[in-house]
Amino acid sequence: MASSAASRNGAPRGGGGARSLAGGNLRSSSYKSRPSQLPGSTLRRSSTGSFAAAGDDGVPGRVRVAVRLRPRNAEEMVADADFADCVEVQPELKRLKLRKNNWDSDTYEFDEVLTEFASQKRVYEVVAKPVVESVLDGYNGTVMAYGQTGTGKTFTVGHLGDGDTASRGIMVRAMEDILADVAPETDSVSVSYLQLYMEAIQDLLDPTNDNISIVEDPKTGDVSLPGATLLEIRDQQSFVELLSIGEAHRIAANTKLNTESSRSHAILMVHVKRPLIRKSKLVLVDLAGSERVHKSGSEGHMLEEAKSINLSLSALGKCINALAENCAHVPVRDSKLTRLLKDSFGGTARTSLIVTIGPSPRHRGETASTIQFGQRAMKVENMLKIKEEFDYKSLSRKLEIQVDKLIAENERQQKAYEYELERMNQEAQNRIAEVERNFAEALEKERLKCQMEYMESVKKLEEKMLTNQRKHGSDGIIRNECNGEDQVVSVSDEVAEVRKLLQNETQRRKASEEEVNKLNTRMGQLMQSEAGGDGEILRIHQLLEVETQKKKKLEEEVMILKSQLLQLSYEADQSRRYMERVGSGNGLNGTDSPSVNNGEKAPVGTLFEQVGLHQILSYLESEDANVQIHAVKVLANLAAEEANQEKIVEAGGLTSLLMLLRKFEDETVRRVAAGAIANLAMNETNQELIMTQGGITLLTMTAADAEDPQTLRMVAGAIANLCGNDKLQMKLKSEGGIKALLGMVRCGHADVLSQVARGIANFAKCESRAATQGTKNGRSLLIDDGALPWIVQNANNEAAPIRRHIELALCHLAQHEVNAKEMISGGALWELVRISHDCSREDIRSLARRTLNSSPTFRSEMRRLRID
Ligand code: ADP
Ligand code: MG
């Protein structure tokens, strides 16, 4: 047996370049599956793990290479029946022995050695599954089948396994795993299926599209075929259909071009896009038969043709050599295939190569070269690395977006939840309200019904009772009721019960009525107490008013008392003066003013200061006549003192007094006011003020109107004072002052007559003065106004004051020649002669004598009458 021979020859390690290459790879037998790298990614570990891919992040990976031996086919069974296989596999040692001759063989070690009995499932799991897992984790991955035509590349990679599920190849199984792992809502899986022949890329999903160009991203170096049909895969079934369509197109295209499918490369590209994982690409390549590389030329093919046909494959070999030798230059750009697989070798991808070999010794050379290719590929290092920066950045961005979306969604849901809660709450409340309403209604209905029933039954019972009473008399009901004893008893019980109920009800009603009454009483009390508050305020207001009135009254009383005091003080003062005068024998004053007060300062001044002039004047307007009287008295007393007069006039006292005369409400007021005016009229300035304020007319009117002798005395005194003012002569005459003065003699009172006489004397004195000064020429105004008869009549009056004033007045009149004629005819000459003879006062006697002698008219008349 060949196997025993191989065994016998041992396993020479080293022995030639191939051996040395293989030997260098012995260490690679213990690779383990890479642990999962991204959070949340599903762990999909192949069950064997022995062929599993390269190291952890950043740890250099290597192209994994497995060798698969095809079983002898029918032809070989016959043709090679007498020959041993050219290879011997030792799968447990992952070694393969290639027979050199009958006695020698070379041993090669691979990442996996798959015998002719290896199942498709196992092949997938050890060769492709780690790559598929890597792709699902976000890495690019490539699985290629390399080998002589007929050794089982297509069987291994592209078999659809229509009839036998177990015979399904890598493409079908890979897609099955991918579809099982992705989430259809978020992830997407799409495929392109291409054929590369004579350096042209054809679309197996769209045969008319037969010259697809390769595009490389200058930044990332990513290779893509934008012109190729890209179909999204939703389910396994459609994918298998798609593969078979592609296969059919491949056959048709090759027939048309008169080519063999063994000369072309079939490439399936699977694009996987997952939101949280960077997009990745799985490239499954069913390469063209490797025999063309070696046999071209030697079999007489045109060089160009051979070059063209096998350019891609030979370029792949060169690249693998360069990578295996760590050459600085890798001729990736030499062919379309190497350009397409650029990121499968020496890049960041995970790559598996399955080399297929046949057992026939007739193809030993081909098998050897295939094995060599595989051995060199095992030396190709590729770095399995994620572009971390990019990945983290994009991941973080995606996560942020996701988080924001979730926050927004959460907020929406929260709001919706709150709204819903509110709505439910409202609804529940509405329902509760409705139920309550319904319940209340039902209750009311029930109550009414019960009431009706109760009334009815009571009525019935009463009727029955009445009938029974009528039938049997009032005391025989129970005994005589035939067969109805129980009924009657029960009825009377019912009645009793109903009565009891009625009683209870009545009691309850009474109780509630009492309660209502109590409440009413309480409310009344409350209202009263409230009203009491208002009443209290009203009462206080009234009290306040009463108090104010009292205060006013008291003030006025004080005022009255003060005025009385003043009056008394004044009177006392007057008496004291009189006593003094009598005692000292000091004769009489020249005038008889009613209120002259030349003495010391009376207590009036004190009062004046205490009460205040304005206050006194304001009392003049009081509505209380008593107050008014006292106020005017006080003012009059004040006005009696010369020192106060100016102040009184300044404060408007004179005007107020005149006003009182004009209004005339009370005789006393008028009298006192007139007295005060008379006192003020002693002053020359005031006399003029009285005149300008219409005082003469007021006094004239009062003189004509008044009856009271004291009032007349005061008015006469006032006018008499005015008569002593030279400037007022004409005014007094024109406003009726002289006539008013003469009119007052009607009352016959000595005091009045005395004031009238004083006024006439004052007037006459002023006239004679004016005549002497030459300011007056005409006859006396007194004579004009008819004063002469009264003068002559009273010239010898018994009352000394009257007689004295008249004697003086006659003397003054006689001094003016224009009056002489009238005086003579009026009988005044006789009186003057008598005065010159009999007057008790010596000064008046001589004045009369001088006057008579100085007048030519009087002298001639006396001569005529023979008077001495
Ligand atoms: P290649 O694609 O490399 O030219 P194929 O896959 O077409 O080779 O295989 C050629 C023949 O060998 C096919 O009929 C296939 O069914 C058969 N075959 C290949 N490998 C196996 C295997 N491992 N077990 C059984 N039959 C196989
Ligand atoms: Mg094939």
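The values are calculated or read from the model by the stated rules, or taken from the named source; none is laboratory data. Predicted model, so just to flag it, every value in this text is computed and none were measured. FYI the Cβ positions are ideal-geometry reconstructions off the backbone, even for glycines, and counts take in every protein chain you see. Just so you know, the surface numbers come from the protein's heavy atoms only, side chains and all, with ligands and any DNA or RNA stripped out. Shrake-Rupley method; radii C 1.70, N 1.55, O 1.52, S 1.80 Å.
For segment 114-205, give me every one of the strands (runs of 3 or more DSSP E) that falls completely inside it and has 2 or more residues that are open to solvent by less than 30 Å² (accessible area, probe 1.4 Å), more than 16 Å from ligand 2 (Cβ to nearest atom) and within 23 Å of residue 64 (Cβ to Cβ). Walk me through it before giving the result.
Values: elements: 141-147, 188-197, 200-203.
Per the criteria, 141-147.
Among the residues of this structure, residue 89 does not count as one that is in contact (Cβ under 8 Å) with a residue 12 or more places away in the chain and open to solvent by less than 10 Å² (accessible area, probe 1.4 Å).
Looking at 724, 695, which is the one that is under 23 Å from residue 644 (Cα atoms), surrounded by 24 or more Cβ atoms within 10 Å (Cβ to Cβ) and at pLDDT 90 or above?
695
Only one entry of 772, 700 meets the criterion of being touching a residue at least 40 places away in the same chain (Cβ under 8 Å), among the polar types (S, T, N, Q) and open to solvent by 50 Å² or more (accessible area, probe 1.4 Å), and that entry is 772.
Might you check whether a residue that is within 16 Å of ligand 2 (Cβ to nearest atom), of a type outside the set (A, V, I, L, M, F, W, C) and modelled with pLDDT of 90 or more occurs anywhere in segment 270-281? Let's see the steps before the verdict.
Filtering segment 270-281 down to residues within 16 Å of ligand 2 (Cβ to nearest atom) leaves none.
Among the residues of segment 270-281, not one is within 16 Å of ligand 2 (Cβ to nearest atom), of a type outside the set (A, V, I, L, M, F, W, C) and modelled with pLDDT of 90 or more, which makes the answer no.
Among the residues of segment 333-383, those identified as within 25 Å of residue 73 (Cβ to Cβ) and charged (D, E, K, R) are 362, 364, 366.
Look at residue 87 and say whether it is within 16 Å of ligand 1 (Cβ to nearest atom) and either of a type outside the set (A, V, I, L, M, F, W, C) or under 25 Å from residue 376 (Cα atoms) (or both). The answer is yes for residue 87. Only one entry of 410, 430 meets the criterion of being at pLDDT 85 or above, open to solvent by 80 Å² or more (accessible area, probe 1.4 Å) and closer than 30 Å to residue 274 by Cα, and that entry is 410. Looking across segment 130-164, the residues that are away from ligand 1 (no atom under 15 Å from the Cβ), on the phi < 0 side of the Ramachandran plot and out of contact with any helix residue (DSSP H, G or I) (no Cβ under 7 Å at 6 or more places or on another chain) come down to 130, 131, 133, 134, 135, 137, 139. Could you check segment 282-291 and list, in sequence order, the residues that are part of a strand (DSSP E or B) and within 11 Å of ligand 2 (Cβ to nearest atom)? Once the filter is applied, which keeps residues that are part of a strand (DSSP E or B) and within 11 Å of ligand 2 (Cβ to nearest atom), segment 282-291 yields only 286.
Need a quick list: helices (runs of 4 or more DSSP H) entirely within segment 630-694 having at least 3 residues that are among the β-branched types (Val, Ile, Thr) and over 18 Å from residue 741 (Cα atoms). Walk me through it before giving the result.
Working: elements: 642-650, 653-663, 667-680, 684-692.
It comes to 667-680.
For residue 825, the conditions (1) surrounded by 15 or more Cβ atoms within 10 Å (Cβ to Cβ); (2) over 20 Å from residue 771 (Cα atoms); (3) without any contact (Cβ under 8 Å) to a residue 24 or more places away in the chain all hold with the exception of (1). Would you point out the residue of segment 224-235, among those that are open to solvent by less than 40 Å² (accessible area, probe 1.4 Å) and in contact (Cβ under 8 Å) with a residue 40 or more places away in the chain, that is nearest to residue 272 (Cα to Cα)? My answer is 233. Entry remark, segment 67-85: residues being buried (at least 24 other Cβ atoms within 10 Å of the Cβ) and either modelled with pLDDT under 85 or of a type in the set (A, V, I, L, M, F, W, C) (or both) number 2 in total.
With the requirement that a residue be at pLDDT below 85 and part of a helix (DSSP H, G or I), what does segment 302-322 give you? Walk me through how you get there before you give the answer.
As a first pass, look at segment 302-322 and keep what is at pLDDT below 85: 302-310.
Correct list: 303, 304, 305, 306, 307, 308, 309, 310.
Do we have any residue at all in segment 355-367 that's at pLDDT 85 or above and open to solvent by 90 Å² or more (accessible area, probe 1.4 Å)? Scanning segment 355-367, I find at least one residue that is at pLDDT 85 or above and open to solvent by 90 Å² or more (accessible area, probe 1.4 Å), so the answer is yes. Tallying residues that are closer than 15 Å to residue 785 by Cβ and either surrounded by fewer than 24 Cβ atoms within 10 Å (Cβ to Cβ) or β-branched (Val, Ile, Thr) (or both) within segment 745-760 yields 3. For the criterion of being open to solvent by less than 20 Å² (accessible area, probe 1.4 Å), at pLDDT below 95 and closer than 22 Å to residue 135 by Cα, residue 221 passes.
Taking residue 108 as the residue in question, decide whether it is within 16 Å of ligand 2 (Cβ to nearest atom), assigned to a strand (DSSP E or B) and open to solvent by less than 50 Å² (accessible area, probe 1.4 Å). Can you show your working first?
Values: within 16 Å of ligand 2 (Cβ to nearest atom): no; assigned to a strand (DSSP E or B): yes; open to solvent by less than 50 Å² (accessible area, probe 1.4 Å): yes.
Here the answer is no, as residue 108 does not meet what is asked.
All conditions in (1) open to solvent by less than 30 Å² (accessible area, probe 1.4 Å); (2) modelled with pLDDT of 85 or more; (3) over 25 Å from residue 152 (Cα atoms); (4) not aliphatic (A, V, I, L, M) hold for residue 350, with the sole exception of (3).
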